[in-house]
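Peer 1: One structure, pasted below without further comment.
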Amino acid sequence: MTGQTTNHALDPITVEVIGAALSSIVEETGEALVRASYSTNIKERRDCSTALFDRHGQTLCQAEHIPIHLGSFLDFIPMLLKDHNPEDMRPGDVFVGNDAYRGGGTHLPDIVLAEPIFVEGELVAWTVNLAHHSDFVDRAHAHISQEGLRIPPIRLYKAGEVQKDVQELILLNCQVPRERLSDLRAQMAANRVGVMRFQELCARHGVDTVLASGEALLDYAERKMRAGIAALPDGSWRFEDVFDNLDFDEPIPFAVTVTVAGDEMTLDFEAPEQIRAPINMTRTALLATTYYIVKSVIDPTVLPNAGLARPLNVKAPKGSILNCKHPAAVNGRVQTCQRVADLILGALAQAVPERVSACTNSACSVAVFSGTRQTGPDAGTYWVYLETIGGGGGARPTADGLDGIHVHATNTSNLPVEALEGEYPLILERYELVDGSAGVGKHRGGMGLRRVYRATEDCMVHVDVSRNKSRSWGLQGGGEGGHGSYVTSPDCAPFERGYGTLRAGEWLEVITPGGGGYGTPEECSQAPLAAE
């Protein structure tokens, strides 16, 4: 390309305008994906993310959707480029992948579609999106090969034409292929929006200016991150917590040591070896969680691009739960991510308590229902309904914790009761905040949620809750949050480690944990809600 604009020659107003345009592009592609999708998990719960990357695979901008999805983006383009020569790529090529070890992913339901963006015949950037496909249920989770179809980065479209053999292979390995096909088409449509808008931006400002501005924005994010870290006191702070889950009997210890030296930060994690259960994290999942939580404490206004990671050094033993290797199972990795985020908060609270909340519910409580429809026009077809349920937020130094919210690495929406009951053979009998679940304090923690589902047809169920043995900790004398748990109707056959069956008329109650309190209860001017 001719007339390359160098970063130092750019005027800051132009860089700001282009930065805002990049943010607008990823938000628009995200809305396109939501509006075009078919499954409730995407069109209602918005379990999806979008991003732009430069030609080398560095994050230019990620939409403000779900932080953990960055973990599936981080290595996708670099891994794709190892197997596919950019010189062989053409406009309209689209690559698909999900594998945690060969595709840069964090778990298999998160399927990524990436499309190269060409301007004047040259590859200049990538538009990428991810959707959580509610599939791959009723499976074992001792290792990743049991968890679903593994897809390395391969072409799904070639020069705008779908590769039908690849598409059929994917759909044949899915349990609800009609939903998968429709959601994959929605992802394709969203990428087309991203390509078009980026090309329009290049036409308006010049491709060299846009690319140089992208580099300038990475440098700006790095400078802001370094300035924020430098404002912290130098030192090291260690924090320990335990992780409890239905997949194992005894709580697992985790620890992190956060060290600040000048304008750089090192986070050194300690964790046991990976286990034959789906709670292991890939390194990219650890990185995404760490980048999110450190950014939120240091400076929430830092741009969400690759520059923010430059001053951070993240360490975890290879082959451990927090940095697993093949063939570890990873399907439930978000539960572990949530605990890691609060682990980092616990360490940073020792350095800057005025910036840090008490512990959140530290969980992503999950209920998955599936079965074969027994009545109606779709009788005989298989259905899957996935729901992640919010809990209590941690109390803040100046305010109570928020009630019944998603925290940290997850950010999905509540599914309206009307949508749930209209699409699935389920009735939601209770949906309420749990009295007594908030940690006491000058500022109380957020309250957990209770949801009670009654099946109108036989179905299989998997429920996953955490903090069922431990509690979310408080800060500065604040109390602990309430436990997470689940209960079934008395006539229901016993569940085993969260797996079981509901017959028509039977019910399941899920209770999510509450958040920790901040400050002593004696400082509170109102009567606190004590944790049970």
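The values are calculated or read from the model by the stated rules, or taken from the named source; none is laboratory data. Remember, it's a predicted structure, so these values are computed and weren't measured experimentally. Ideal geometry is used to build each Cβ from the backbone, glycine not excepted, and the neighbour counts take in all protein chains shown. Ligands, DNA and RNA are stripped out before the accessible areas are found, and what is left, the full protein with its side chains, is counted by its heavy atoms. Shrake-Rupley method; radii C 1.70, N 1.55, O 1.52, S 1.80 Å.
Peer 1: Which of the residues belonging to the stretch 299-313 are touching a residue at least 12 places away in the same chain (Cβ under 8 Å) and either of a type in the set (Gly, Ala, Ser) or surrounded by fewer than 21 Cβ atoms within 10 Å (Cβ to Cβ) (or both)? Spell out how you get there, then give the answer.
Peer 2: Here is the first cut: in the stretch 299-313, the residues touching a residue at least 12 places away in the same chain (Cβ under 8 Å) are 299, 301-313.
The answer is Asp299, Thr301, Ala306, Gly307, Ala309, Arg310, Leu312, Asn313.
Peer 1: Kindly check whether there is at least one residue in the stretch 115-128 that is closer than 16 Å to Ala285 by Cα and open to solvent by less than 10 Å² (accessible area, probe 1.4 Å). Lay out the reasoning, then the answer.
Peer 2: Within the stretch 115-128, the first condition is being closer than 16 Å to Ala285 by Cα, and the residues that meet it are none.
No, the conditions are met nowhere in the stretch 115-128.
Peer 1: Another one. Regarding Val407, is this residue open to solvent by less than 60 Å² (accessible area, probe 1.4 Å) and part of a strand (DSSP E or B)? Before the answer, list the steps.
Peer 2: Values: open to solvent by less than 60 Å² (accessible area, probe 1.4 Å): yes; part of a strand (DSSP E or B): no.
No, not satisfied.
Peer 1: Scan the stretch 368-389 and tell me whether some residue there is buried (at least 24 other Cβ atoms within 10 Å of the Cβ) and in a loop (DSSP other than H, G, I, E, B).
Peer 2: There is no residue in the stretch 368-389 that is buried (at least 24 other Cβ atoms within 10 Å of the Cβ) and in a loop (DSSP other than H, G, I, E, B).
Peer 1: Does the stretch 148-157 contain any residue that is open to solvent by 30 Å² or more (accessible area, probe 1.4 Å) and part of a helix (DSSP H, G or I)?
Peer 2: No, there is no match, as no residue in the stretch 148-157 is open to solvent by 30 Å² or more (accessible area, probe 1.4 Å) and part of a helix (DSSP H, G or I).
Let's see how each residue does on (1) in contact with a Lys or Arg (Cβ under 6 Å, 6 or more places away or on another chain); (2) among the charged types (D, E, K, R); (3) open to solvent by less than 30 Å² (accessible area, probe 1.4 Å); (4) closer than 23 Å to Ser134 by Cα:
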{"position": "Glu16", "(1), (2), (3), (4)": "no, yes, no, no"}
{"position": "Ile25", "(1), (2), (3), (4)": "yes, no, yes, no"}
{"position": "Val34", "(1), (2), (3), (4)": "yes, no, yes, yes"}
{"position": "Asn41", "(1), (2), (3), (4)": "no, no, yes, yes"}
{"position": "Glu44", "(1), (2), (3), (4)": "no, yes, no, yes"}
{"position": "Cys48", "(1), (2), (3), (4)": "no, no, yes, yes"}
{"position": "Arg55", "(1), (2), (3), (4)": "no, yes, no, no"}
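Peer 1: Between a residue in the stretch 186-204 that is open to solvent by 70 Å² or more (accessible area, probe 1.4 Å) and any residue that is not hydrophobic (A, V, I, L, M, F, W, C), which pairs come within a Cβ distance under 6 Å, given they are 6 or more apart or on different chains?
Peer 2: Hits for this filter: zero, empty list.
Peer 1: Another question about this same structure. Answer yes or no as to whether Arg102 is outside any helix (DSSP H, G or I), open to solvent by 10 Å² or more (accessible area, probe 1.4 Å), farther than 30 Å from Val417 by Cα and basic (Lys, Arg). Step through it out loud before you land on a result.
Peer 2: Details: outside any helix (DSSP H, G or I): yes; open to solvent by 10 Å² or more (accessible area, probe 1.4 Å): yes; farther than 30 Å from Val417 by Cα: yes; basic (Lys, Arg): yes.
It is true that Arg102 is outside any helix (DSSP H, G or I), open to solvent by 10 Å² or more (accessible area, probe 1.4 Å), farther than 30 Å from Val417 by Cα and basic (Lys, Arg).
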